[in-house]
Amino acid sequence: MIITALTKFRDAEGVGLDQFRSRSQAGSDPLLTMDNAQLNGVRGRLQLVTEPMLEMSLPGNSFDAVFCNVAIQKIASREARGEVVAQLFRVAKPGGQIRIVDTQFAKQHAEDLAA
């Protein structure tokens, strides 16, 4: 998803956060991701960070846009999913956009965000 975004927004830089677990995510590999970025002409604007979402070390208030694509739904507890959503808000700049794609818990996220 981030590579596609970087091809659309030519002045943007991106940081991709992933655990790159090949056994639970077919084809998930940081080297393959960077090869794909190279093929799409965005390698120089992409940084990869390998760490769990709940242990996100990215600085707060740093991103104009934050995308989370089919990742939160892999977290077992509702409380932990809420903590990840809080992390997404923490790293987004004030007024920034947050996009969450989750096919299992979208209603819960909406309820938690409305609370």
Test: residue in the range 54-62 that is touching a helix residue (DSSP H, G or I) at 6+ places or on another chain (Cβ under 7 Å) and closer than 18 Å to residue 113 by Cα: yes
Yes/no for residue 89 being over 23 Å from residue 112 (Cβ atoms), among the aromatic types (Phe, Trp, Tyr) and outside any strand (DSSP E or B): no
Top-ranked residue in the range 33-88 [being small (Gly, Ala, Ser) and in contact with a strand residue (DSSP E or B) (Cβ under 7 Å, 6 or more places away or on another chain); ranked as surrounded by the most Cβ atoms within 10 Å (Cβ to Cβ)]: 37
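Per-residue answers, yes or no, for (1) assigned to a loop (DSSP other than H, G, I, E, B); (2) among the charged types (D, E, K, R); (3) not assigned by TED's automatic domain parsing to the domain that holds residue 86:
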residue: 4; (1), (2), (3): no, no, yes
residue: 12; (1), (2), (3): yes, no, yes
residue: 16; (1), (2), (3): no, no, yes
residue: 20; (1), (2), (3): yes, no, yes
residue: 32; (1), (2), (3): no, no, yes
residue: 38; (1), (2), (3): no, no, yes
residue: 66; (1), (2), (3): no, no, no
Residues within the range 12-32 that are modelled with pLDDT of 95 or more and surrounded by fewer than 14 Cβ atoms within 10 Å (Cβ to Cβ), tallied: 1
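Listed residues 64, 35; which is under 27 Å from residue 109 (Cα atoms), among the acidic types (Asp, Glu) and touching a Lys or Arg at 6+ places or on another chain (Cβ under 9 Å)? Outline the logic, then answer.
Details: 35 fails: under 27 Å from residue 109 (Cα atoms).
Exactly one residue qualifies, and that residue is 64.
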Hey, residue 57 at pLDDT 90 or above and in a loop (DSSP other than H, G, I, E, B) or not: yes
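Tally up the residues in the range 41-75 that are free of Cβ contacts under 8 Å to residues at least 60 places away in the same chain and under 19 Å from residue 21 (Cα atoms), please. Quick ask: steps written out before the conclusion?
First, pick out the residues of the range 41-75 that are free of Cβ contacts under 8 Å to residues at least 60 places away in the same chain: 41-64, 66, 68, 70-75.
Cutting the leftovers down to under 19 Å from residue 21 (Cα atoms) gives us 47-57, 68, 70-75.
Residues flagged as free of Cβ contacts under 8 Å to residues at least 60 places away in the same chain and under 19 Å from residue 21 (Cα atoms) within the range 41-75 amount to 18.
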Number of positions in the range 92-109 that are surrounded by fewer than 11 Cβ atoms within 10 Å (Cβ to Cβ) and outside any loop (DSSP other than H, G, I, E, B): 3
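Condition (residue is more than 19 Å from residue 3 (Cβ to Cβ), aromatic (Phe, Trp, Tyr) and modelled with pLDDT under 95) applied to the range 63-84: is it met by at least one residue? Outline the logic, then answer.
First, the residues of the range 63-84 that are more than 19 Å from residue 3 (Cβ to Cβ): 72-84.
Okay, now just the ones that are also aromatic (Phe, Trp, Tyr), so none.
Looking through the range 63-84, none of the residues is more than 19 Å from residue 3 (Cβ to Cβ), aromatic (Phe, Trp, Tyr) and modelled with pLDDT under 95.
The values are calculated or read from the model by the stated rules, or taken from the named source; none is laboratory data. Predicted, not measured: the structure shown is a model, and the values here were computed from it. Positions of Cβ are backbone-derived with ideal geometry, glycine not excepted, and every protein chain shown enters the neighbour counts.
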